[in-house]
Amino acid sequence: MTGNHVKRRLAEDIFFKGIVCLFAFISLLPLFLILYYITRNGIAVIDWNFLSSLPRPIGEAGGGVFNAIVGTLMLIILSGVISIPCGIAAGIYLSENKAGKLASGIRLSVVVLQGTPSIVIGIIAYIWIVAPLKTFSALSGGIALSIMMLPVIVKTTEETLKLIPYHLKEASLALGVPYYRTILKVILPSGISGILTGILLSVARITGETAPLLFTAFGNQFMNTNIFKPIDSLPYRIFYYAMSPYPEWHSFAWGASFILVVLTLALNLIARGISVKWKTRF
Amino acid sequence: MENTVLKVENFSASFGDNRILKDINLTVPRNVVAALMGPSGCGKTTLIRCVNRMHELIPGATVSGRMTLIDEDIYAMQPIILRRKVGMVFQKPNPFPTMSIYENVIAGYKLNGIRIPKPELDNIVEQSLKKSALWDEVKDALHRKGTFLSGGQQQRLCIARALAMNPEIMLLDEPTSALDPKSTSQIEELFVELKKNVTMLLVTHNIAQAARVSDVTAFIYLGELIEFGPTEKMFTVPKDKRTEEYLTGKFG
Ligand SMILES: Nc1ncnc2c1ncn2[C@@H]1O[C@H](COP(=O)(O)OP(=O)(O)OP(=O)(O)O)[C@@H](O)[C@H]1O
Ligand SMILES: [Mg+2]
């Protein structure tokens, strides 16, 4: 071992570290650029008036995204009401029944759903709901989004519950607690942080979805809270404002994007907080 | 017999085709500590899991023969009713992680949805924790999570949880094997105290422990009950050669 050898090794080491840091930095760049542009262009538009007024007809100045915010919240609630119970139940089933026809069926459908392009899910919801009801509706949008949330919730519920030690279940059964109560009162509460995290992440995933809403919720420049009528949403409003030829509407698109990004970011941060803070110590 | 708590007659248990317990006959009298000993894999855990019918939860597990708990046929009872009369303590302490110490003690009532007025619950918690010799250590922290306790304290919490249901018999599967010597001797002293009120079936690998705390001992070998009788007698003049070899550490 000569001194030169050691020096070369050290140089290689530094070179390697440098390369890793460089690529890590490059992969962070898009995030910062997106945040930078959206904040720079979007934040100026945001004021109470923007948040609380409806879109105006072409040619009139001003307008806002109130109906889009309400619509997005309604879509989240609708899709959550459908997908959360189904997803948690399927997750419980998977963690309790590792083998079996139904279990492998659910597993397959989770994989397929996760890989299905969101526009296809939109078309399916169109065929199922919009065509028979003969109208675009919040309901059909909620169903399309719930199909997108479902695989995430099923997967995280299953993974969370699988990590819960078997001896907890035995402790409960040995006290004479019936099986279904053991699942509801011991197993689910022990996995609550993982399950909530999964739900929040799946909500974050669908909040920005536009494609499945194009044929379902459609968009609506008026305020609507009827689930059987077309409804507006933030991503749709961004699309609509951005496609227009008017500079003021372009800046509205930035403003709505800003709201959407802040919402998604907040959901992610809350999810992370819950997964750390509420974690069950076994 | 009035004085018999658990009676096992011609009892066999299997996992699929694998017969683990073969024609066990055993009578456990009231208010004793009965030790179950034998080499690893001989079927001790299987036997006590047959008493509260946890054995049958494993797919493919079957049993034959008779077991009675105070003259009631165990295998004719509803498992969930049976299990409320039979307390179980596991090798590894397993308090419920989402519950406080207080809630852990009354978990048997809470999880079963049995409603009891608060003063009565307070009383059950205090009495059970006193019986398991944990009260003085936790009385000011009843609403902290049970998982913050030390291993030995957690195991005594699990004993309190089982005692709170007023069981006829307690099944203890190597309850001290995951604990340090001090916690172990605390729990051993506890057994001697507890047997005034409850019968205990104690699986142990520790021959000295069986000698210290048990009144009667069963020696199981390859799924057969080789010898069963007063601990003192078995430890001084074992009838069977295999028992003697086990006690002198030739195998196990
Ligand atoms: N879930 C199971 N499925 C199939 N066979 C099992 C199962 N559990 C235990 N066995 C078998 O049953 C036999 C007895 O096991 P058991 O756990 O009752 O032994 P043990 O006396 O408690 O041993 P140890 O002292 O190591 O705890 C073993 O040979 C084991 O291989
Ligand atoms: Mg065992």
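Points worth noting:
- Restricting B:Val33, B:Val8 to those that are in contact (Cβ under 8 Å) with a residue 24 or more places away in the chain, within 15 Å of ligand 1 (Cβ to nearest atom) and buried (at least 21 other Cβ atoms within 10 Å of the Cβ) reduces the list to B:Val8.
- Subset of the range B:165-175 [within 16 Å of ligand 1 (Cβ to nearest atom) and either surrounded by fewer than 23 Cβ atoms within 10 Å (Cβ to Cβ) or part of a helix (DSSP H, G or I) (or both)]: B:Asp173, B:Glu174
- For beta carbons closer than 7 Å, sequence separation of 6+ or different chains, a first residue in the range B:77-105 that is at the interface with another protein chain (Cβ under 8 Å from one of its Cβ atoms) and a second that is hydrophobic (A, V, I, L, M, F, W, C) and surrounded by fewer than 17 Cβ atoms within 10 Å (Cβ to Cβ), the qualifying pairs are B:Lys92/B:Ala178; B:Pro97/A:Phe282.
Table: residues versus (1) assigned by TED's automatic domain parsing to the domain that holds A:Tyr236; (2) free of Cβ contacts under 8 Å to residues at least 12 places away in the same chain; (3) over 17 Å from A:Glu159 (Cβ atoms); (4) touching a Ser or Thr at 6+ places or on another chain (Cβ under 9 Å).
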position	(1), (2), (3), (4)
A:Pro85	yes, yes, yes, no
A:Ile88	yes, no, no, yes
A:Val120	yes, yes, yes, no
A:Leu133	yes, no, yes, yes
A:Leu139	yes, no, yes, yes
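- Flag if B:Ala162 is in a helix (DSSP H, G or I), modelled with pLDDT of 90 or more, more than 16 Å from ligand 1 (Cβ to nearest atom) and surrounded by fewer than 19 Cβ atoms within 10 Å (Cβ to Cβ): no
- Residues of the range A:211-242 satisfying the condition of being polar (S, T, N, Q) and either surrounded by 18 or more Cβ atoms within 10 Å (Cβ to Cβ) or outside the structural domain of A:Val110 (by TED's automatic domain parsing) (or both): A:Thr216, A:Asn220, A:Asn224, A:Ser233
- Out of B:Gln155, B:Gln186, B:Gln127, sole residue that is in contact with a strand residue (DSSP E or B) (Cβ under 9 Å, 6 or more places away or on another chain), assigned to a helix (DSSP H, G or I) and not aromatic (Phe, Trp, Tyr): B:Gln155
- Subset of the range B:49-71 (residues that are of a type in the set (Lys, Arg) and within 11 Å of chain A (Cβ to nearest Cβ)): B:Arg49, B:Arg53
- Residue match in the range B:122-144 (condition: within 14 Å of chain A (Cβ to nearest Cβ), touching a residue at least 12 places away in the same chain (Cβ under 8 Å) and surrounded by fewer than 18 Cβ atoms within 10 Å (Cβ to Cβ)): yes
- Pick from the range B:207-252, criterion modelled with pLDDT of 90 or more and of a type in the set (S, T, N, Q), ranking: farthest from B:Ser12 (Cα to Cα): B:Gln209
- Of the helices (runs of 4 or more DSSP H) lying entirely inside the range A:136-214, those containing at least 1 residues that are in contact with a Lys or Arg (Cβ under 9 Å, 6 or more places away or on another chain) and within 14 Å of chain B (Cβ to nearest Cβ) span A:166-174, A:179-182, A:192-207.
- Identity of the residue in the range B:106-120, hydrophobic (A, V, I, L, M, F, W, C) and within 11 Å of another protein chain (Cβ to nearest Cβ), that ends up farthest from the chain's Cα centre (by Cα): B:Ile114
- Among the candidates B:Val203, B:Val216, B:Val198, the residue that is surrounded by 19 or more Cβ atoms within 10 Å (Cβ to Cβ), more than 20 Å from B:Gln91 (Cα to Cα) and touching a Pro at 6+ places or on another chain (Cβ under 9 Å) is uniquely B:Val216.
The values are calculated or read from the model by the stated rules, or taken from the named source; none is laboratory data. In this text the structure is predicted, and so the values were computed from the model without any measurement. Cβ: placed from backbone, ideal geometry, glycine included. Neighbour counts: every protein chain shown.
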